[in-house]
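**Student:** If you scroll down you'll find the structure; I have some questions about it.
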Amino acid sequence: MLANFQDQFLSLTFGGLSLGFIYVLIALGYTMVYGVLRMINFANSEVFMYGTFATVVIIRDLFGFTQQSEPATGFRLFYILLICLAGSMFLSGVLSIFLELVAYRRLRNRGSNKLAPLISAIGMSIVLAEFMRILTDSRYVGSPRVMEKSSIATIFGANLRLDNVIVIVCGLVLYLVLQQFVKKTRLGKAIRAVSMNEDSAKLMGVNLNFVVSGTFLVGGLMTGAAGFFYTLKYENTSFSIGFELGIAAFTAAILGGIGNIKGAFYGGISLGLVETYASFFLGTQWKAVTVFLILVVVLYFRPNGVFGEAITQTRA
Amino acid sequence: MFNLRDFGASIWERSDRKMRVLIALSAIAVAAMLPFLGGTFLNTPVADYGSVLVFPVAIFAIMALGLNIVIGKSGLLDLGYVAFFAIGAYTMGLLGTKTSLNTWEILPIGIAMAMFAGLILGVPALRLRGDYLAIITLGFGEIVRITALNLNAIGGANGIIGIPTPPTIFGLEYTFDNHRLYFWTFLIIILLTIWMIRRLSVRRGGRAWESIRQDEDAAELMGVPTFKYKIWAFVLGASVGGAAGVLYASKTLFISPDNFTLQVSILILACVIFGGMGNIWGVILGAVILGYLPDRIRFLSDARLLVFGIVLVLMMNLRPDGILPRKKREKALPAKDSK
């Protein structure tokens, strides 16, 4: 077993890293909203699910790929992937704003208790998932293969698959862009201001509704990108995948310290890696248990996650 | 807006003792009559009306009452409540098929098992607050389900079949399709639970929970042993969940890990909040509506869960405190750090 593990260590690590980056992007969706509203956005998992479907629809219907067609190469591949990424991000971003308007805005402006928006978000999550279930007849939807999943390099005997490389590189770029966005831009500064102190931010002339919508948009964009990467990597999706991935990503966000962008990053990466290693040793069926046990242990010693909840310092 | 809760409370407070007994007895009588109303507009199109009343409605009501102790009374967000339900059900399943104990003998064992699990989870988890507690309890629920799924000793994915029905009492035989008898039995359990919660709420423990929910730090400063009472709330909530599990298993006679998913926890949480967190009657009403509604609107066939979700969103937007909210004076003051 152990010798086997040593052989496969690198390829497991690559797979784990790319899964980790998918978690990072979804976790960013949770963490952005949590940082500003102090609320779990329960429907974020469905935003992710719609992102995966956007990619499938673009590949299948816009570019007319079928299961038999030849994978694209070169510049055409680059261009198709870019359109898919943009489409997924756009759909998820719009959906996320819509979600805020329907499930959160009215309740927030009325200053209701914390749990009412949680339930209305759960309601929206049911609506979105059921809508997609009816559209797809409760079936898994396969995505046609757009790219050859060949290995582009071999490092110490481990194959470096192209799709994993794309996920890791793009995930890292998106993460860095988001970090700069929150640090440098006007909206980013407003988001940080609101997450520090809502009342003072309002007094300083920050338009709260605009900032909250903006936060949901940014979170949705990141989650949508994760949807694209998921479809690229696993090549199928269904109305129910949001739940599983959403829970894992949420765990990742908590692990790093929710409301904290850096925390989502390290939480997601470590969760992806741990999950992959754990399924190698214990079999995939125990993977979720390992993840939660790690979470329990981490929270026992560091009740605010590894990086804490201090949004303001770490975000800047 | 018209407040049904205050309206009901004002009638109750104005009436004398005789009147109150009368109101209570007639309410119980109406509830007990429910299984006979199958022929009316209440009828559920596809599922058998009598069986819908037993599961989900009655079972949901018991579980919602239990969860209400944890979340409504003491303000602890528990997203893994299904774990206690599962532990109760598996206790019934295993002991019922492997030993000669009957349902009523297993019931206290199941409750004890669930309470023990509540203690094990509570001691580390209740050091955390708010959303962290939520995710830990959620994780616990999933751990219990996945463990049940992967341990072949307790049936694995196939679950447990052939769980015995409760033994005959007073010449009344619990056959699988004798839904009325089950319903009345569960009604008695519901009444017992209500009684227990009402007694506890007016005592020291109830006041301690109330203070913890409103402001945990202030409660601690005033000398309330918050950790102890949080554990108590958790364990009592677990005991009710365990009881519901035992009863559920001896009604459906077949359990599998699929019956104990996170969705159940979320649905029960929705019952509590939808009905009116902290108010026993609201919680029961929420459980009745949310348990019954998906089967009533089955004529929408495929779209019924979609409609269910829309109802949740609309209701929460229109009545964020639930259909029957708690009394005004019991409402928590807005905590300083909440937004």
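The values are calculated or read from the model by the stated rules, or taken from the named source; none is laboratory data. Everything numeric in this text was worked out from a predicted model, so none of it was measured. Every residue, glycine as well, gets a Cβ built from its backbone with ideal geometry; the counts of neighbours run over all protein chains shown.
**Student:** Please state which one of A:271, A:299 is farther than 19 Å from residue A:195 by Cβ, modelled with pLDDT under 80, buried (at least 19 other Cβ atoms within 10 Å of the Cβ) and within 13 Å of chain B (Cβ to nearest Cβ). Break it down into steps so the answer makes sense when it comes.
**Tutor:** Details: A:271 fails: modelled with pLDDT under 80.
That would be A:299, the only listed residue that is farther than 19 Å from residue A:195 by Cβ, modelled with pLDDT under 80, buried (at least 19 other Cβ atoms within 10 Å of the Cβ) and within 13 Å of chain B (Cβ to nearest Cβ).
**Student:** Suppose we filter region A:106-123 for residues that are more than 7 Å from chain B (Cβ to nearest Cβ) and more than 9 Å from residue B:317 (Cα to Cα); how many remain? Let's see the steps before the verdict.
**Tutor:** Keep residues of region A:106-123 that are more than 7 Å from chain B (Cβ to nearest Cβ), which gives A:108-109, A:111, A:117-118, A:121.
So of that shortlist, the ones also more than 9 Å from residue B:317 (Cα to Cα) come out as A:108-109, A:111, A:118, A:121.
Number satisfying all stated conditions: 5.
**Student:** Being at pLDDT 75 or above and loosely packed, with under 13 Cβ neighbours inside 10 Å is the filter here, so list the residues in region B:1-19 that pass it. Before the answer, list the steps.
**Tutor:** Within region B:1-19, the first condition is being at pLDDT 75 or above, and the residues that meet it are B:7-19.
Result: B:7, B:10, B:11, B:12, B:13, B:14, B:16, B:17, B:18, B:19.
**Student:** Can you pull out the residues in region B:111-125 that are within 13 Å of chain A (Cβ to nearest Cβ) and surrounded by fewer than 20 Cβ atoms within 10 Å (Cβ to Cβ)?
**Tutor:** Keep residues of region B:111-125 that are within 13 Å of chain A (Cβ to nearest Cβ), which gives B:120-125.
Once the filter is applied, which keeps residues that are within 13 Å of chain A (Cβ to nearest Cβ) and surrounded by fewer than 20 Cβ atoms within 10 Å (Cβ to Cβ), region B:111-125 yields B:120, B:123, B:124.
**Student:** Among the residues in region A:86-98, are any touching a helix residue (DSSP H, G or I) at 6+ places or on another chain (Cβ under 7 Å), within 13 Å of chain B (Cβ to nearest Cβ) and under 30 Å from residue B:325 (Cβ atoms)?
**Tutor:** No - not one qualifying residue is present in region A:86-98.
**Student:** On to the next question. Consider residue A:83 carefully, then state whether it is more than 25 Å from residue B:271 (Cβ to Cβ), crowded, with 17+ Cβ neighbours inside 10 Å, more than 17 Å from the chain's Cα centre (by Cα) and at pLDDT 90 or above. Full working, then the answer.
**Tutor:** Values: more than 25 Å from residue B:271 (Cβ to Cβ): yes; crowded, with 17+ Cβ neighbours inside 10 Å: no; more than 17 Å from the chain's Cα centre (by Cα): yes; at pLDDT 90 or above: yes.
Spelling it out, it is not the case that residue A:83 is more than 25 Å from residue B:271 (Cβ to Cβ), crowded, with 17+ Cβ neighbours inside 10 Å, more than 17 Å from the chain's Cα centre (by Cα) and at pLDDT 90 or above.
**Student:** Still on this structure: Would you mind listing the helices (runs of 4 or more DSSP H) fully within region B:149-237 where at least 1 residues are under 30 Å from residue B:28 (Cα atoms)? I'd like the intermediate steps shown before the answer.
**Tutor:** Working: elements: B:179-201, B:204-214, B:216-221.
Because the criterion is at least 1 residues that are under 30 Å from residue B:28 (Cα atoms), the helices (runs of 4 or more DSSP H) in region B:149-237 that meet it are B:179-201, B:204-214.
**Student:** Which count do you get for residues in region A:102-148 that are buried (at least 16 other Cβ atoms within 10 Å of the Cβ), part of a loop (DSSP other than H, G, I, E, B) and hydroxyl-bearing (Ser, Thr, Tyr)?
**Tutor:** Result for region A:102-148: 2.
**Student:** Separate question: Being buried (at least 24 other Cβ atoms within 10 Å of the Cβ) and assigned to a helix (DSSP H, G or I) is the filter; apply it to region A:227-247 and report the residue that is farthest from the other protein chains (Cβ to nearest Cβ).
**Tutor:** Out of the qualifying residues, it is A:232.
**Student:** Right, another one. Could you list, in sequence order, the residues of region A:40-66 that are aliphatic (A, V, I, L, M) and crowded, with 20+ Cβ neighbours inside 10 Å?
**Tutor:** Those that are aliphatic (A, V, I, L, M) and crowded, with 20+ Cβ neighbours inside 10 Å: A:40, A:43, A:47, A:49, A:54, A:56, A:58, A:59.
Here's the yes/no breakdown for (1) buried (at least 23 other Cβ atoms within 10 Å of the Cβ); (2) under 25 Å from residue B:162 (Cβ atoms):
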site: B:47; (1), (2): no, yes
site: B:56; (1), (2): yes, yes
site: B:64; (1), (2): yes, no
site: B:73; (1), (2): yes, no
site: B:83; (1), (2): yes, yes
site: B:86; (1), (2): yes, yes
site: B:93; (1), (2): yes, yes
site: B:109; (1), (2): no, yes
site: B:144; (1), (2): yes, yes
